[in-house]
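In what follows, a single structure is set out as structure tokens and then discussed.
The values are calculated or read from the model by the stated rules, or taken from the named source; none is laboratory data. Just so you know, these numbers come straight off a predicted model, no measurement behind them. As a convention, Cβ positions derive from the backbone with ideal geometry for all residues, glycine included, and neighbour counts pool all protein chains shown. What goes into the accessible areas is simple: the full protein's heavy atoms, side chains included, and nothing from ligands, DNA or RNA. Shrake-Rupley method; radii C 1.70, N 1.55, O 1.52, S 1.80 Å.
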Amino acid sequence: MPVCADGRCWAGDDVRGNGGSAILNEGNRLITYYRRNTTMSDAVYRKSRGWAPQGFFECEGRGLQWLGQAHANGGPRVVKVFNWGDDYLDIERVEPASPTPKAAFAFGAALARMHDTGAQFFGSAPQGYDGTCYFGPLQDPVPMDTGEWTDVTTYYGEGRILPMVRLGVERGVLGNADLDLAQHVVDALPDLLGPAASDKPARVHGDLWSGNVMWTHGNNGVEAILIDPAAHGGHREEDLAMLHLFGMPYLSEIMDGYMSVHPLKSGYQDRYTLWQLYPIAGHCVFFGGGYVSEFRQMCTSLLG
């Protein structure tokens with residue numbers, strides 16, 4: 001999840017770097033990184049936070065491992081997980097590279113294969129995890145509902161949109177009128193989803209903005225590597241809409257690669273706003289400000 005304010009967005013966590021050791025303190029946020037030894041293959045990044053919510057780092061670690069299972073079937077590379085505890089997650093340090101059109105096309109194809117690996121239900125938690133799942137930045141993650149929804153309409157309305165808007169009302173950044181507006185969108189979901197309502201649950205990253213797609217040098221040149229997921233069983237168009245939300249290099253090549261493996265249902269481009277409604281509602285909760293008016297405008301356009 002990007003941290004966004006005053007029109008600027010930046011990653012909440014940074015696994016890039018040249019090694020060594022460092023500690024960063026920002027209030028209740030503590031990030032420490034170090035090298036396990038002198039070989040780059042064993043470089044470790046420690047992501048940590050004091051007073052982290054129960055299960056936060058285990059959920060992220062298991063989510064990374066769950067997404068990484070798809071790599072054997074042609075899915076994207078996912079950052080390696082070494083260990084986790086109540087207040088930390090140890091993952092591989094990634095040396096950044098610049099993306100290329102070829103790497104972007106390959107990532108799109110790999111992302112489709114990861115989605116195709118599937119999940120048992122809409123709302124499934126990562127394999128092996130039975131605690132609370134989370135969505136949002138390191139300093140303010142909020143619970144993300146899990147469940148065994150068999151239809152995307154109920155999952156997205158009752159499990160995503162309405163809980164996030166209710167949280168916004170509780171925090172005082174959204175009002176009851178916004179909840180009513182969101183309810184109207186939820187009521188319209190069968191029509192808004194159209195043919196996408198028949199899709200099966202996909203294995204999704206869940207927070208796939210550009211800052212959570214790193215680029216690094218692999219065995220066959222530059223490749224994408226995924227970090228910082230809110231992994232769950234969801235709809236494949238959620239991840240694709242998130243890629244479009246804050247901008248992404250070589251996005252058209254990514255989409256071409258995706259479509260070469262799994263063509264999307266008709267009208268998918270018209271549904272981006274629908275899938276972006278949940279993260280924008282989240283930004284209302286986390287940051288308020290201009291995201292509130294953006295949320296309202298999105299609802300109005302969907303109901304137009």
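Quick test of your reading of the structure: G63 fulfils all but one of (1) of a type outside the set (S, T, N, Q); (2) more than 19 Å from T216 (Cβ to Cβ); (3) modelled with pLDDT under 95; (4) open to solvent by less than 30 Å² (accessible area, probe 1.4 Å). Name the failing condition by number.
It fails just one condition, (3).
Go through region 127-214 and tell me which strands (runs of 3 or more DSSP E), entirely inside it, have 2 or more residues that are out of contact with any Lys or Arg (no Cβ under 9 Å at 6 or more places or on another chain).
So the answer is 133-135, 142-144.
E223 fails exactly one of the following numbered conditions: (1) closer than 20 Å to R166 by Cα; (2) in contact with a strand residue (DSSP E or B) (Cβ under 9 Å, 6 or more places away or on another chain); (3) among the acidic types (D, E). What is the number of that condition?
Tallying (1) closer than 20 Å to R166 by Cα; (2) in contact with a strand residue (DSSP E or B) (Cβ under 9 Å, 6 or more places away or on another chain); (3) among the acidic types (D, E), E223 fails exactly one: (1).
Spot the failing condition for A224; the list is (1) under 21 Å from A197 (Cβ atoms); (2) in contact with a helix residue (DSSP H, G or I) (Cβ under 6 Å, 6 or more places away or on another chain); (3) in a strand (DSSP E or B), and only one is missed.
Condition not satisfied by A224: (1).
Can you tell me which residue within region 164-184, out of those that are more than 22 Å from the chain's Cα centre (by Cα) and among the hydrophobic types (A, V, I, L, M, F, W, C), is least open to solvent (accessible area, probe 1.4 Å)?
Among them, the one singled out is L174.
Can you name the number of the only condition in (1) out of contact with any Gly (no Cβ under 9 Å at 6 or more places or on another chain); (2) surrounded by 16 or more Cβ atoms within 10 Å (Cβ to Cβ); (3) more than 30 Å from S252 (Cβ to Cβ); (4) not charged (D, E, K, R) that G128 fails?
Condition (2) is where G128 drops out.
Test each condition in (1) over 20 Å from T146 (Cβ atoms); (2) crowded, with 19+ Cβ neighbours inside 10 Å; (3) at pLDDT 95 or above for Y33 and report the one that comes out false.
Only one criterion is unmet by Y33, namely (3).
I'd like to check something: does region 234-247 contain any residue that is surrounded by fewer than 20 Cβ atoms within 10 Å (Cβ to Cβ), among the hydrophobic types (A, V, I, L, M, F, W, C) and over 13 Å from the mean Cα position of the chain (by Cα)?
No, region 234-247 contains no residue that is surrounded by fewer than 20 Cβ atoms within 10 Å (Cβ to Cβ), among the hydrophobic types (A, V, I, L, M, F, W, C) and over 13 Å from the mean Cα position of the chain (by Cα).
Please go through region 273-301 and pick out each residue that is within 18 Å of V185 (Cα to Cα) and either open to solvent by 30 Å² or more (accessible area, probe 1.4 Å) or outside any helix (DSSP H, G or I) (or both).
T273, Y291, S293, E294, R296, Q297, T300, S301, listed by residue number.
Residues that are out of contact with any strand residue (DSSP E or B) (no Cβ under 7 Å at 6 or more places or on another chain) and more than 30 Å from R171 (Cα to Cα): does region 270-290 have at least one?
Within region 270-290, one or more residues are out of contact with any strand residue (DSSP E or B) (no Cβ under 7 Å at 6 or more places or on another chain) and more than 30 Å from R171 (Cα to Cα).
With respect to M259, is the statement that it is among the hydrophobic types (A, V, I, L, M, F, W, C), open to solvent by 40 Å² or more (accessible area, probe 1.4 Å), in a helix (DSSP H, G or I) and more than 14 Å from D178 (Cβ to Cβ) true?
The answer is yes for M259.
Please specify each residue of region 95-125 satisfying the condition of being in a loop (DSSP other than H, G, I, E, B) and crowded, with 21+ Cβ neighbours inside 10 Å. Spell out the reasoning first.
Here is the first cut: in region 95-125, the ones in a loop (DSSP other than H, G, I, E, B) are 95, 97-100, 118-121, 123-125.
Passing the criteria: P99, A119, G123, S124, A125.
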